[in-house]
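The values are calculated or read from the model by the stated rules, or taken from the named source; none is laboratory data. Quantities reported herein were computed from a predicted structural model and do not represent experimental measurements. Please note: Cβ atoms are built from the backbone with ideal geometry, for glycine as well, and neighbour counts cover all protein chains shown. We work out accessible area using only protein heavy atoms, side chains counted, and drop any ligands, DNA or RNA first. Shrake-Rupley method; radii C 1.70, N 1.55, O 1.52, S 1.80 Å.
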Amino acid sequence: MERPAWAPPGIDISVPSVSRIYDYYLGGSRNFEVDRDAARRAMEFLPGLPVITKANRAFMRRAVKFARTEGITQFLDIGCGIPSFGNVHEVAQDGSPMNRVLYVDHDPVAVEHSQAVLDGNAYASATSGDLREPRKILDSPEAAGLLDLERPVALLLVAVLHFVQDEDEPYRAVAELRDALAPGSLLVVTHASPHGVPEPPERVAGMTGVYRSLGNPLVMRAREEITRFFDGFTLVAPGLVAMPDWRPDQPDAQEDPYAFVGFGGVGRKP
């Protein structure tokens, strides 16, 4: 297998990565054939996975715009993935170039590509980190240099919590991050769910089986379980809803049924 020039040294390009699979769904180019093969296998069960990921990105952009209207000038994106058009810093810094953005991911391709994209941007950075170890993220030099935790922060956990197993205590991790944030901070979450999937349960199980075979199980949580991540936050209207239903730019737009799979919401810390 030929190694692309952009691939960071030391990573095994024969092992699929969920962030690079996600990049493939979005039509990106920072993925390897092994990632594309895994994505195609998952799409044999749920062919609308690219639609879901694009709905997820559209929700993220609307949530960041909302945060800006609420006066938020700091953004912490954990599990950021590989940058694509309309990424958090582009939305957050549009017209406000001094707004601060810290990207965090455990995939070296995502981190290195983010750093390349952000070269010359004094108010945005990327670092390696794992949601399961929130204290290490908060104590990192990059966080200390960019974020003032005495002021409100928009914490983005977009399409990442469903890759944290219950035994790894995702609710504890979110609570630890919540407790470190100033009042007025926002929590932005999207999460996979079996609710609304326009396919029978056995096809959903086939898709999750693909991710399990990659060593990155995907947990499809129910709406009530996802709502628990907002403990200590007040959900802003319209609450935890299908992603296209959260403050849509075009309320009457017709969407592919797959776009309504999963949930998104924003909470405010009192």
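Observations on the structure shown:
- Full-extension gain in nm, Ser14 to Asp249, via 0.36 nm per residue minus C-alpha separation: 80.6 nm
- Near Ala154, the amide H atoms lying under 5 Å from its own belong to Gln74, Phe75, Leu76, Leu186; only residues 5 or more places off or on other chains count, and H is placed 1.01 Å from N.
- Förster-model FRET efficiency, 30 Å R0, Ala144 and Ala237, C-beta, rounded to 0.05: 0.30
- The charge dipole of the chain, taken about its Cα centre with unit charges on the Cβ atoms of Lys, Arg (+1), Asp and Glu (-1) only, comes to about 420 debye.
- Straight-line cross-link partners of Lys136 among the lysines, defined as a Cα under 23 Å from its Cα and at least 8 positions apart when in the same chain: Lys269.
- The distance between label points at Asp256 and Thr69 comes to 2.7 nm (points 7 Å beyond Cα on the Cα→Cβ vector).
- DSSP loop chymotrypsin sites (Phe, Trp or Tyr not before Pro) with at most 15 other Cβ within 10 Å excluded, longest remaining stretch of the chain: 86-270
- Bridging of Lys65 to aspartates and glutamates at a Cα separation below 17 Å is possible for Asp77, Glu90, Asp94, Asp245, Asp249, once same-chain residues fewer than 8 apart are set aside.
- In sequence order, the stretch 105-113 has phi-based couplings of 7, 9, 8, x, 5, 4, 5, 5, 5 Hz under the Karplus curve 6.51 cos²θ - 1.76 cosθ + 1.60, θ = phi - 60°, and Gly or Pro positions carry x.
- A simple spin-label model places pseudo-atoms 7 Å from Cα toward Cβ; at Met98 and Asp37 they are separated by 5.1 nm.
- Here the Karplus curve 6.51 cos²θ - 1.76 cosθ + 1.60, taken at θ = phi - 60°, turns the phi angles of the stretch 201-211 into couplings of x, 5, 6, 4, 5, x, 5, 5, x, 4, 5 Hz, with x standing for Gly and Pro.
- Surface share of carbon and sulfur [accessible, 1.4 angstrom probe, percent] for the stretch 159-270: 51
- In this label model, Tyr171 and Asp130 are separated by 2.2 nm, measuring between points 7 Å along each Cα→Cβ vector.
- Low-density loop positions, trypsin sites (Lys or Arg not before Pro), the stretch 197-235 - DSSP coil, at most 15 other Cβ in 10 Å: none
- Cα gyration tensor shape of the stretch 206-270, rounded if a/c is under 1.5, else prolate or oblate by comparing a/b with b/c: oblate
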